[in-house]
Each structure stands twice: as C-alpha cells, then as structure tokens.
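Scroll down for the structure; my scribbles are underneath it.
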Amino acid sequence: MNHVESTVQRASKSAAAIDRAKAQGRAALIGYLPAGYPSVEDTIAAGIALAENGADLIEIGIPYSDPVMDGHVIQAATTEALAAGFHVKQVFDVVRGITSKTEAAVLVMTYWNPVVRMGVDEFSRQLADAGEQDSSPPT
C-alpha cells in the first residue's frame, strides 16, 4: 500500500463529512464557536444545536489573549471567555460534550503556542480522548 492509499483509507471524520456533502451536491456547512463563550456549558449546547440543525463540521476556537487575526465579534467573545476564566484544558470538555451527544465532526482551531506549552503529544492525546480527530492551527 502506498502513502496515498494509506492516507485515503485513514480519512478523518472531517474529510468524510466534507465528502458526504460533496456527494450530496452541496458545500459542507462549517459552524464556528469560540470555546467558553458565554460559558463552557453554553458552548457545548450551541455545538449540539449546530450538529442537530445541519452543520457538517463544528470548529471550536480556543480563546487567545491577542486575537488580532479574528474579526471584532470573535475578538469580543474570546476576550469575554478569558475574562470569565476560560482555560485551554476546558476545550477538551467542550469537544467531549459535543462528540458524546452527536456524530458531528469537531475540529479545534488554535494558535500553536497553547499546543507547544501543553506538549504536542499530550494535547493530541487529550483531544483524541475527547473524541476530536482533527485540529486546525492557523498557518
């Protein structure tokens, strides 16, 4: 088996969701939620609602102290989540809360710094344990 065949066989849950939408002749609907806004519980509830109402993928953004690449609405939400005490480790609770109640493909959007700080292996392990299969660090 060559690399391409191996990669195709191990397609991620996200890739499978996009492929399903494409097979249905439509673009995939991707919902985005900043983790911890307005609370962890509300983020989970919103993620479940997205999944139950047609989102193919749900992207959960980890709040960051300097969200200059994000628009004003996301900046305000992440600033509020951090002010309310959100911690990076809580993103695993958000992912677990959504994946335990839905079949949705859940991605985590983060800057590289929190991953490196926790350790790439540990961050990846905790995401996998929470039910997430893919990550989306900005490039």
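The values are calculated or read from the model by the stated rules, or taken from the named source; none is laboratory data. If you're wondering where the values come from, they're calculated on a predicted model, not measured in any experiment. Heads up, the Cβs are rebuilt from the backbone with ideal geometry, glycines too, and the neighbour counts pull from every protein chain shown.
Quick notes on this structure:
- Of all residues in the range 54-63, those satisfying the criterion of being over 19 Å from Lys89 (Cβ atoms) and part of a loop (DSSP other than H, G, I, E, B) are Gly54, Ala55, Asp56.
- Residue list for the range 93-105, restricted to those being under 11 Å from the mean Cα position of the chain (by Cα), surrounded by 19 or more Cβ atoms within 10 Å (Cβ to Cβ) and assigned to a helix (DSSP H, G or I): Val94, Val95, Ile98, Thr99
- In the range 1-53, residue farthest from Ala76 (Cα to Cα) [restricted to those that are modelled with pLDDT under 95 and part of a loop (DSSP other than H, G, I, E, B)]: Met1
- Scoring Ala128 on the criteria (1) small (Gly, Ala, Ser); (2) closer than 26 Å to Asp19 by Cα; (3) in contact (Cβ under 8 Å) with a residue 12 or more places away in the chain leaves a single failure, condition (3).
- Selection status of Glu122, touching a residue at least 12 places away in the same chain (Cβ under 8 Å), surrounded by fewer than 17 Cβ atoms within 10 Å (Cβ to Cβ) and either assigned to a loop (DSSP other than H, G, I, E, B) or more than 12 Å from the chain's Cα centre (by Cα) (or both): no
- Yes/no for Asp66 being charged (D, E, K, R) and closer than 27 Å to Val120 by Cα: yes
- The range 47-63, residues that are without any contact (Cβ under 8 Å) to a residue 60 or more places away in the chain, crowded, with 18+ Cβ neighbours inside 10 Å and in contact with a Leu (Cβ under 9 Å, 6 or more places away or on another chain): Gly47, Leu50, Ala55, Asp56, Leu57, Ile58, Ile60, Gly61, Pro63
- Among the residues of the range 64-87, just one is outside any helix (DSSP H, G or I), at pLDDT 95 or above and crowded, with 20+ Cβ neighbours inside 10 Å, namely Phe86.
- Every listed requirement among (1) touching a Lys or Arg at 6+ places or on another chain (Cβ under 8 Å); (2) without any contact (Cβ under 8 Å) to a residue 12 or more places away in the chain is met by Ala105 save one, (2).
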